[in-house]
Each structure stands twice: as structure tokens, then as C-alpha cells.
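Data block below; observations after.
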There are 2 protein chains.
Amino acid sequence: MREFQEMMKNLYLKRDLERGVSGTFNWLVAEVAELGEELKGSNREATEKEFADVIAWLTSLANIRGIDLEKAALNKYNYKCPKCQSSPCACTF
Amino acid sequence: MREFQEMMKNLYLKRDLERGVSGTFNWLVAEVAELGEELKGSNREATEKEFADVIAWLTSLANIRGIDLEKAALNKYNYKCPKCQSSPCACTF
């Protein structure tokens with residue numbers, strides 16, 4: 001995840017900073033909507049591309065804010081459920 | 001990214017499969033909205049947690065469909081921009 005984030009910085013950080021948080025968030029929302037449409041069908045390759053786009057825009061957004069996605073993810077989900085503290089999750093809800 | 005996805009499988013796959021694509025996608029959309037709200041403020045720790053939640057739900061969704069997120073991301077964004085084929089991106093739009 002960290003390597004992907006570094007690559008995205010090299011590719012797009014200048015452009016991402018120019019676009020800013022608000023504009024980049026709007027792209028993320030649009031890509032999530034596209035993923036939702038693709039998930040209704042069964043085109044695996046197209047679905048994979050939409051997953052890639054969502055990750056890419058989420059990473060761009062994190063880069064603008066200087067947030068390390070891998071660290072953020074592992075701080076919250078570190079081999080146990082953040083709610084019930086079990087693995088696998090044993091939440092009852 | 002692959003390691004995080006494996007961990008999420010161990011934690012949540014059974015639950016994710018029971019919930020299904022549609023219900024899990026709805027959670028993803030809700031978490032993206034929460035991230036958007038948090039990005040309006042300046043609470044770094046809270047923002048990191050929202051990024052973590054979005055990644056977690058996106059990963060759950062990929063797990064339901066059996067999609068390898070790292071492979072999907074690198075297939076599309078492999079050290080060059082998928083549109084202009086340059087690094088850094090030199091698209092003019």
C-alpha cells in the first residue's frame with residue numbers, strides 16, 4: 001500500500017495539489033458510483049478497473065493531506081476487529 | 001495491500017459474504033460520506049480513521065467478489081499514467 005501511494009505521489013501529486021481536497025473528493029465520489037454500477041454486472045475486468053480507480057483517487061486524496069494510508073489502515077484494523085477486539089470479528093449486530 | 005486484504009478476509013469474510021455486495025457497497029458509500037465530512041475539518045486522527053474505514057469497506061467489497069486489489073491497482077496504475085503513459089502524468093485536461 002505504501003509503495004502504491006509513493007508511486008501515485010510521483011505520478012500525480014502536483015496535479016492533485018492543484019485540484020485540492022474538494023475537487024479530488026468529488027472525483028472519488030464519482031468513481032465510487034461507477035464501481036457501484038459495474039458491480040451490478042459481471043464484467044470482471046471492468047470491475048477490477050473500477051476498484052483500481054477508487055483506490056487511486058482515495059490515494060490522491062490521502063496524498064494531498066499527507067496521510068499514510070497503510071499506517072492509517074493498520075492503526076485501526078490491526079489483526080483484530082476494532083469493535084470487538086476479536087479475530088475473526090465476533091460482533092453481535 | 002495484499003497483506004491487509006488477507007487480514008480483512010480473516011476478520012470479516014464470513015460476515016461480508018452474508019451481507020453481500022449491495023449491502024457492503026452501501027456501507028462503503030456511507031463511509032465515503034463520513035470521510036468527506038471529516039475532510040472539511042482539521043482533526044488529523046479522525047481523518048485517518050475515516051480513510052481506514054473507506055479502505056476497509058472497499059477491501060470487504062473486493063473480498064466478496066474475489067478481486068485482488070493490489071493486482072487490480074498495479075494492472076491499471078503501473079508506474080505510469082494509464083491515459084498519457086507518462087510518469088509523472090503529462091495529460092493536458
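For region A:47-60, putting each phi into the Karplus relation 6.51 cos²θ - 1.76 cosθ + 1.60 with θ = phi - 60° gives couplings of 5, 4, 5, 5, 4, 4, 5, 5, 4, 4, 6, 5, 5, 4 Hz, in residue order, rounded to whole numbers and with x for Gly and Pro.
With the convex hull drawn over the C-alpha atoms of region A:1-80, the volume per residue is 109 Å³.
For the protein assembly as shown, dividing the convex hull volume of the Cα atoms by the residue count gives 109 Å³ per residue.
Summarising the rotation from chain A to chain B, the nearest chain A beta-carbon to the axis and its distance in Å are given as A:M1, 2. Residue pairs exceeding 26 angstrom between C-alpha atoms, taken from A:K14/B:K80; A:K9/B:K83; A:K40/A:K83; A:K9/B:K40; A:K83/B:K9; A:K71/B:K9: A:K40/A:K83. Each copy carries a label point for A:E45 at 7 Å from Cα along the beta-carbon vector; from one copy to the others these points are 4.7 nm apart, nearest first.
Normalised by the number of residues in chain A, the average gap of Cα pairs under 8 Å and 6 or more apart makes the relative contact order 34 percent. Take A:R65, push a point 7 Å out from Cα through the beta-carbon direction, and compare it with the same point in every other copy: 2.4 nm, smallest first.
Here the 3J(HN,Hα) profile of region B:63-75, calculated from phi with Karplus coefficients 6.51, -1.76 and 1.60 at θ = phi - 60°, is 5, 4, 8, x, 9, 7, 5, 4, 5, 4, 5, 6, 5 Hz, Gly and Pro shown as x.
Shielding value for B:28-38 is 3, the average number of Cβ atoms from other chains within 10 Å of each residue's Cβ. The same position A:L13 in the other copies lies at 3.6 nm from this copy, comparing label points 7 Å beyond Cα toward the beta-carbon, shortest first. In straight Cα distance, which aspartates and glutamates are under 14 Å from B:K49, not counting same-chain residues fewer than 8 positions off? Within the straight-line limit of under 14 Å, B:K49 reaches these aspartates and glutamates: A:D68, A:E70, B:E31, B:E34, B:E37, B:E38.
Quick note: the coordinates plus some simple rules give every number you see, no bench work behind them. This structure is a prediction, so every number in the text was calculated from the model and none was measured. Every residue, glycine among them, receives a Cβ derived from its backbone with ideal geometry; neighbour counts consider all protein chains shown.
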